[in-house]
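Asker: Pasting a structure below so you can have a look.
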Amino acid sequence: MSPAVTRDDLIDFVHAEARMLDEGRFSDWLDLWTADGVYWMPLEWNQQDAIHETSLLHEDQFMLRLRVERLNGARTFSQKPKSRCLHVLNRPDCDLIDNDAGRYTVVTRMTYVETRLDDQFLLAVTATHDLVHQDGALKIARKRVDILNCDAAFGNIQLLP
Amino acid sequence: MPIPETRAAMSALVQPQQVHRDLYISQDLFKLEVKHLFSNTWIYVGHDSQVPNKGDYYTTQLADQPVIMVRHTDNEVHVLYNRCPHKGTKIAIDRTGNTGKFFRCPYHAWSFKTDGCLLAIPLKKGYQDTGFDQSEAAHGMTPVGAVHNYRGFVFARMAPEGIGFDDYFNGSLSSLDNMIDRSPAGKLQVVGAPLRYMHKCNWKMLVENQTDTCHPMVAHESSAGTAVKIWDSLDKPEGTPKPPAMEIIAPFMSPYEFFENMGLRTWPNGHGHTGVHKSIHSEYSEIPGYFDQMVEAYGEERARAILGEARHNTVYFPTIMIKGPIQQLRNFIPLAADRTLVESWIFRLVDAPDELVARTAMYNRMINAPTSMVGHDDLEMYERAQEGLQSQGADWVNVARLYEDGETLDEEAVLNGTSERQMRNQFHAWLKFMTATMPDSGPASEDAQ
């Protein structure tokens, strides 16, 4: 990648990330993150405080690694058989391209489908990626996933939108 | 074949060491639970910090019964069935709001005071000489049978007559007291919305699981066991503080011996808790400044006594569990024989440092969210059991662990933490409150059929 990140680079990155999750390449997916990267899925619409209120998910690299190793684990009974997911992406909006600072924000609307056994559910999702240019590659510093019906009662959501 | 509504029929389903699978899978029995069990017992409605001002309301359900909890003009919290006495329309549909001095039905504009009394009907003269005054509708919105606000926690008994609040909960209120006393101001506040997690299983599986200390090291090996393995692989020097996530999740992998020594206490009427002597919450790191605040509020001896308790899960039969040390309440709302909505609420300790509510929020999302790895472990087991219990190959579910002949569940007791006594205690209370107003047996003619 050239030092100047383009709109296409950002769009390609978001698509590649979704494809890794869809194909179950979770360990590769972990390599996309900065060391202090955080994945946040708010519980409430327009939630601002991730720390002092409940979220659906707010995980650092230790927790994400745990999540991935659990998904790959031999005694993970809720993943026998394994879930599958599919991200159907809209064209990502590149809201911020700041090559001087090496910071980028990409907002992507998508439908997320997850299935296991006879059950399948669909979520309407807005993913906001805060990306940084680090050691010649784009990395995820923060990913915020807003679920349209975040206040609804869900069954298990086992994979990652 | 409908289940006879008699003491004899109910008693046939509950034996001291085992219970019939119909308790989990029969929708007919679920309807009887709504009519009897959930009506005769005291059910948690909500916390009064959700309705701080007059006219504030909160809509929820007591089992499948829609209700409104509302702060009336006299500042008391009332609980009304959420049903217009006219055509049945739900009066309030949003989860929270302020209705001012009265509710107004959005269908025909009948209005009601916030204690439920009928206030006005448009074109009222159309009801002259119709017998309206004698009708059910003239009473307005129906209040539940009784309401009790215990230090902010609002409970309701749907049946107009029945056991009083204090007799029902007796010594078990010490767990609620301990959770509330952890605030230097002696006060809790609900924080944010609850996690809402739909379980395709019977409510009893969830309630039993709260004091089931033989499942964590098995069902949660995939989450807690993996966490421990990752932490060990990082090979940090001795004494490195564990990340907060490890502090919360690792104790789930404690060995059987830990849970045996943790202890279990039961109280009459189906209440009980794990973690009498210590618990998985015992080793949380101290939050700077908090102990000093507690000493200032209560004196050192009392502060140490309050914080020395590490009660794990306290079940308030039938449908809630609280965790005092982590200020959390889980409400298992039974919707059908095979459907339970679990709401997990957190509280702020008024006047305590923010770090405490941060830990509470972390615990909630890590353990109780539909996205939680630990939650996935549990729900998988419940749903497999709900499907497995359809099997006609065996009729009974076993709860015999550490059963002793002559067990007296109407007395408080403390014993080994892996005992299933609390589960037996719940079924004992189930039978008591299911049958409180049932006849011993059906009419003679019915028996003869």
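Bear in mind that the values in this text are calculations on the coordinates, not laboratory data. Quick caveat, the model's predicted, so the values are computed rather than measured. Glycine also receives a Cβ, built like all others from the backbone with ideal geometry; neighbour counts cover every protein chain displayed.
Asker: Taking trypsin sites (Lys or Arg not before Pro) as candidate sites, keep only those in a DSSP loop with at most 13 other Cβ atoms within 10 Å, then name the longest stretch of chain B containing none of them.
Answerer: Maximal segment without exposed cleavage sites: B:102-449.
Asker: Considering every Cα-Cα pair within chain B, what fraction, in whole percent, is farther apart than 29 Å?
Answerer: 51 percent
Asker: Could you give me D for region B:194-434, from Stokes-Einstein at 37 °C and 0.692 mPa s, where the hydrodynamic radius is the Kirkwood radius over C-alpha pairs? Units µm² s⁻¹, please.
Answerer: Estimated via Stokes-Einstein, D reaches 172 µm²/s.
Asker: Within region B:55-72, whose backbone N sits under 18 Å from a point 7 Å along Cα→Cβ of residue B:31?
Answerer: B:63-66
Asker: Further question on the same structure: Within 10 Å, at most 16 other Cβ atoms, and a DSSP state outside H, G, I, E, B define an exposed site. Report the longest part of chain A free of exposed GluC sites (Glu not before Pro).
Answerer: A:45-161
Asker: Please report the net charge: other residues with Cβ closer than 14 Å to the Cβ of residue B:99, K and R +1, D and E -1.
Answerer: Every neighbour counted, the sum reads +4.
Asker: Along the charge dipole of region B:175-321, Cβ charges K/R +1 and D/E -1, which of B:275, B:320, B:297 sits furthest on the positive end?
Answerer: Checked the options; the winner is B:320.
Asker: Also: Between residue B:107 and residue A:86, what's the calculated FRET efficiency when r is the beta-carbon distance and R0 is 60 Å? Round to 0.05.
Answerer: 0.90
Asker: Same structure, new question: Just add up the charged neighbours of residue B:142: K/R +1, D/E -1, any other residue whose Cβ is under 10 Å from the Cβ of residue B:142. Kindly include the intermediate steps, with their values, before the conclusion.
Answerer: Working: positive: B:83; negative: B:136.
With Lys, Arg at +1 and Asp, Glu at -1, the neighbours total 0.
Asker: Continuing with the same structure: Hey, got a sec? Which GluC sites (Glu not before Pro) in region B:153-260 land in a DSSP loop and have at most 10 other Cβ atoms within 10 Å?
Answerer: The qualifying sites are B:161, B:238.
Asker: Okay, moving on. Sort by residue number and name the cysteines in chain B that have no neighbouring cysteine Cβ under 4.7 Å.
Answerer: Among the cysteines of chain B, those whose Cβ sits 4.7 Å or more from every other are B:117, B:201, B:214.
Asker: What is the calculated FRET efficiency for residue A:60 to residue B:11, with r their C-beta to C-beta distance and R₀ = 41 Å, to the nearest 0.05?
Answerer: 0.15
Asker: Rounded to whole Å and sorted largest first, list the principal axis extents of the Cα atoms in region A:7-147.
Answerer: Between the extreme Cα coordinates on each principal axis of region A:7-147 lie 47, 32, 31 Å.
Asker: Put one equal scatterer on each alpha carbon of region B:43-150, apply the Debye formula with no solvent term, and list log10 I(q)/I(0) at q = 0.09, 0.21, 0.24 1/Å to two decimals.
Answerer: For region B:43-150 at q = 0.09, 0.21, 0.24 Å⁻¹, log10 I(q)/I(0) is -0.22, -1.09, -1.37.
Asker: Follow-up. How would you classify region B:4-58 from its alpha-carbon gyration tensor, with a ≥ b ≥ c the square roots of the eigenvalues: rounded for a/c under 1.5, else prolate if a/b is greater than b/c, otherwise oblate? Could the numbers behind the result be given before it?
Answerer: Working: a/c = 3.43, a/b = 2.94, b/c = 1.16.
Prolate shape, in that a/c is at least 1.5 and a/b is the bigger ratio.
Asker: Among B:222, B:391, which comes first, then next, by fewest other beta-carbon atoms within 10 Å?
Answerer: Fewest to most other Cβ atoms nearby, the residues stand as B:391, B:222.
Asker: Counting other beta carbons within 10 Å of each residue's own, what order do B:183, B:11 fall into, fewest first?
Answerer: B:11, B:183
Asker: When we measure straight from the Cα of residue B:31, which lysines land under 19 angstrom away, once same-chain ones fewer than 8 places off are left out?
Answerer: Here the lysines satisfying the reach criterion relative to residue B:31 are B:200, B:204, B:432.
Asker: Looking at the protein assembly as shown only, what percent of DSSP beta bridges run antiparallel? Nearest 5 please.
Answerer: Here the share of antiparallel DSSP bridges comes out near 95 percent.
Asker: Oh, and also: Full extension from residue B:74 to residue B:261: what is 0.36 nm times the residue separation minus their Cα-Cα distance, to one decimal in nm?
Answerer: Additional length available on full extension: 62.5 nm.
Asker: Continuing with this model, one more query. Report the label-to-label distance for residue B:235 and residue B:218 in nanometres (one decimal), using points 7 Å from each Cα along the Cα→Cβ vector.
Answerer: Each label point lies 7 Å from its Cα, and together they span 3.6 nm.
Asker: If you don't mind, another one. Averaged across orientations, what area in nm² does the convex hull of the alpha carbons in the protein assembly as shown project?
Answerer: Values: hull surface 134.1 nm².
It is 33.5 nm².
Asker: Of the beta bridges DSSP finds with both residues in chain A, what % are antiparallel, to the nearest 5?
Answerer: Values: 39 of 43 bridges.
Given both bridge residues lie in chain A, the antiparallel proportion sits at roughly 90 percent.
Asker: Moving on. May I ask you to sort B:103, A:77, B:112 by Cβ crowding, counting other Cβ atoms within 10 Å and putting the fewest first? Can you show the working numbers first?
Answerer: Working: B:103 25, A:77 15, B:112 21.
The fewest-first ordering by Cβ neighbours comes to A:77, B:112, B:103.
Asker: Apply 1/(1 + (r/R0)^6) to the Cβ-Cβ distance of residue A:117 and residue B:395, taking R0 = 22 Å, and write down the FRET efficiency to the nearest 0.05.
Answerer: 0.25
Asker: Considering amide H positions built from the backbone, and no H for Pro or chain starts, which residues 5 or more places from residue A:38, or on another chain, come under 5 Å of its amide H?
Answerer: It is A:142, A:143, by chain and number.
Asker: Could you tell me the number of lysine pairs in region B:43-150 with C-alpha atoms less than 19 Å from each other, where the two lysines are 8 or more residues apart or belong to different chains?
Answerer: Lysine pairs meeting the criterion: 9.
Asker: Summarise the partner chain shielding of B:354-364 as one whole number: the mean count of Cβ atoms from other chains within 10 Å of each residue's Cβ.
Answerer: 3
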